[in-house]
Amino acid sequence: MGALKRFITAFGQYLLLMKDACKKPQNWKVFSRRIIFEMKALGVDSIVIVLIISIFVGAAVVMQILLNLDNPMYPKWIYGFVSRKAMMLEFSPTIISLILAGKCASRIASELGTQRITEQIDALEIMGVNTASYLIMPKILACVIFFPILAVQSIFVALIGGALGGLLLGTLTMFDYVEGLRLEFEMGDLWYAMVKIIVNAVIISTVSCFRGYTIKGGSVEVGQQSTKAVVQSSIVIMIFNILITELFN
């Protein structure tokens, strides 16, 4: 009962904080600058790690498929088809979200936590600034805007990595691989991926902002809350992954 009570209390505080964060910005010019800054910090700076992981995972997936489905009964295009489905439906929207949770959630929580314990947030509130809107909403919007871009880049690079993996084994031609990528392509798969990555972006940004903004204590608590932000974001992402998969199917 104690754990349930703590969860309900924390969830109520989370909802109230998000309500304050959604209030109208006091200065649109400053607000837009904050969004651009957060897009660079949370989005642009994540491009390299997303692309590196995507190309290697894409290659590994195709190589595993070739090694485990090496049977003359299977048509050659099946490898590209399965690779496309795996990258679009699960890897890019879900696994990349978990990677971004590790990178961005810890950054957001530690940044806000440091601002809280050094009383920077208190100073802004004394000056009449709605700190929830000023500090939190730009981070949420930056994630919602840029994470889908990262997901599209991840899909594209992962499929290129798959082609490289097939060429490395020497058992799959580019013609057969591309034929599988093109076979029965449905825009619904892309919309499915976009819905998942946007939901995950909201989860990562809001959970980490809540953990950092409401911190109490000192530098030790900053590390603890950063860890909680990553763990809780990852758990909620997997829960919503199941729910969205069931909803679309």
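The values are calculated or read from the model by the stated rules, or taken from the named source; none is laboratory data. Quantities reported herein were computed from a predicted structural model and do not represent experimental measurements. Every residue, glycine as well, gets a Cβ built from its backbone with ideal geometry; the counts of neighbours run over all protein chains shown.
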Residue in region 108-126 that is among the small types (G, A, S), over 24 Å from the mean Cα position of the chain (by Cα) and in a helix (DSSP H, G or I) present: yes
Qualifying residues in region 48-84 (those that are out of contact with any helix residue (DSSP H, G or I) (no Cβ under 8 Å at 6 or more places or on another chain), of a type outside the set (V, I, T) and in a helix (DSSP H, G or I)) - the one nearest to D189 (Cα to Cα): Q64
Residues satisfying the stated conditions in region 202-225, i.e. over 21 Å from T9 (Cβ atoms) and either assigned to a helix (DSSP H, G or I) or within 19 Å of the chain's Cα centre (by Cα) (or both): V202, I204, S205, S219, V220, V222, G223
Some residue of region 24-47 being without any contact (Cβ under 8 Å) to a residue 60 or more places away in the chain, within 27 Å of I242 (Cα to Cα), within 17 Å of the chain's Cα centre (by Cα) and in a helix (DSSP H, G or I): no
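Matching residues to (1) crowded, with 17+ Cβ neighbours inside 10 Å; (2) at pLDDT 95 or above; (3) closer than 30 Å to Y79 by Cβ; (4) among the basic types (K, R):
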position: V129; (1), (2), (3), (4): no, no, no, no
position: G165; (1), (2), (3), (4): yes, no, yes, no
position: L183; (1), (2), (3), (4): no, no, yes, no
position: M187; (1), (2), (3), (4): no, no, yes, no
position: V220; (1), (2), (3), (4): no, no, no, no
position: G223; (1), (2), (3), (4): no, no, no, no
Test: residue in region 93-105 that is surrounded by 16 or more Cβ atoms within 10 Å (Cβ to Cβ) and either among the polar types (S, T, N, Q) or assigned to a loop (DSSP other than H, G, I, E, B) (or both): yes
Breaking point among (1) in contact with a helix residue (DSSP H, G or I) (Cβ under 6 Å, 6 or more places away or on another chain); (2) closer than 18 Å to A109 by Cβ, for S219: (1)
Neighbours by Cβ (under 6 Å, 6+ apart or cross-chain): first from region 66-95, under 30 Å from S234 (Cβ atoms) and in contact (Cβ under 8 Å) with a residue 40 or more places away in the chain; second among the basic types (K, R) and assigned to a helix (DSSP H, G or I): P93/K196
Some residue of region 61-76 being closer than 30 Å to G170 by Cβ, among the hydroxyl-bearing types (S, T, Y) and either crowded, with 17+ Cβ neighbours inside 10 Å or in contact with a Cys (Cβ under 9 Å, 6 or more places away or on another chain) (or both): no
Looking only at region 226-240, and only at residues there that are under 12 Å from the mean Cα position of the chain (by Cα) and over 27 Å from D122 (Cβ atoms), the one that is surrounded by the most Cβ atoms within 10 Å (Cβ to Cβ): I237
